[in-house]
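Everything on this sheet refers to the single structure shown next.
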Amino acid sequence: MQNIGILALQGDFDKHRQAVEKLGQKAVLVKDVEKLSDCDRLIIPGGESTTFLHLVEKLQLRQGLIDFIEKKPVFGTCAGLILLSKSAEKLPFPPLGVIDIIAKRNAYGRQVDSFVDDIRLNLNGRESVFEGVFIRAPKIKDFGKKVNALAWHNNDVVMAESGKILVAAFHPELTDDLSIHQYFIEK
Ligand code: GLN
């Protein structure tokens with residue numbers, strides 16, 4: 001059993017906790033750097049990236065997070081993708097800049113434009129359809145050569161990985177399908 005950390009400063013962390021526990025792993029809610037040392041992996045959930053970044057600065061988590069991500073796998077969903085990206089507009093502080101992605105925040109519109117639609121997933125060479133829940137979701141506007149696309153909505157890449165870092169623009173924790181969490185846990 002692994003200790004899967006879930007950044008629990010704000011946002012949608014409890015649904016990730018449930019997904020992790022359904023997969024038989026231990027969920028560790030992380031609110032400070034000390035807790036990170038108990039974790040084998042870390043999930044950064046959706047929420048509001050501006051609020052996340054204010055809290056990361058206030059609680060002085062930035063360096064601790066970067067150090068953790070250098071060593072261990074991390075999965076960012078929605079606002080978590082924004083936090084991990086190289087750049088995104090209108091943020092109060094720079095994102096962590098650990099994956100070579102330029103994110104466009106709120107790229108599908110406002111809360112009322114949130115939607116559920118099928119996405120095409122390709123994990124370990126196996127194609128499947130996954131229910132993508134998009135809530136004020138970002139788009140991956142551009143990504144570098146080391147970033148591999150893993151899922152598409154129409155022609156947009158909506159999930160990608162680079163080394164130990166996995167990002168999704170949608171919310172896999174809001175569906176019953178655990179295949180993406182499973183993929184992360186085995187990554
Ligand atoms: N729009 C939010 C942001 O920019 C992200 C929304 C989400 O995580 N569901 O941070």
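Computed from the coordinates by the stated procedures, all read-outs in this text should not be read as laboratory data. The model shown is predicted, which means the values in this text are computed figures rather than measured ones. So basically every Cβ, Gly included, is an ideal-geometry build from the backbone, and we count neighbours across all protein chains shown.
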Using 0.36 nm per residue, how much length does the chain from Q60 to D142 gain when fully extended, once their Cα-Cα distance is taken away? 26.6 nm
Percent relative contact order for the chain, counting Cα pairs under 8 Å at least six residues apart, stands at 18 percent
Over the alpha-carbon set of segment 1-92, work out the extent along each principal axis and list the three values in angstrom, largest first. 38, 23, 20
May I ask you to sort S162, S179, S49 by Cβ crowding, counting other Cβ atoms within 10 Å and putting the fewest first? S179, S162, S49
Flagged as over-length at 23 Å C-alpha distance, from K90/K145; K141/K187; K15/K145; K15/K71; K90/K164; K35/K72, the pairs are K90/K145; K141/K187; K15/K145; K15/K71; K90/K164
Expected vector for segment 54-67, Karplus 3J(HN,Hα) from phi with 6.51, -1.76, 1.60 and θ = phi - 60°, integer Hz, x for Gly and Pro, equals 4, 5, 4, 6, 4, 8, 6, 9, 3, 5, x, 5, 4, 4
With +1 on the Cβ of every Lys and Arg and -1 on the Cβ of every Asp and Glu, and nothing else charged, how large is the dipole of the chain about its Cα centre, in debye rounded to the nearest 20? 460 debye
Loop-located GluC sites (Glu not before Pro) in segment 45-114 whose Cβ has at most 13 other Cβ within 10 Å (DSSP): E89
Bin by bin, in steps of 5 Å, what percent of the Cα pairs in the chain do you find, going until the bin that has the longest distance? 1, 8, 19, 23, 23, 16, 8, 2, 0
What does the helix-only formula give at 222 nm for the chain: each DSSP H stretch with n ≥ 4 adding -39500 (n - 2.57), the total divided by the residues, and the result rounded to the nearest 500 deg cm²/dmol? -7000 deg cm²/dmol
Just order 121-131, 71-81 by mean Cβ neighbour count inside 10 Å, highest at the front, would you? 71-81, 121-131
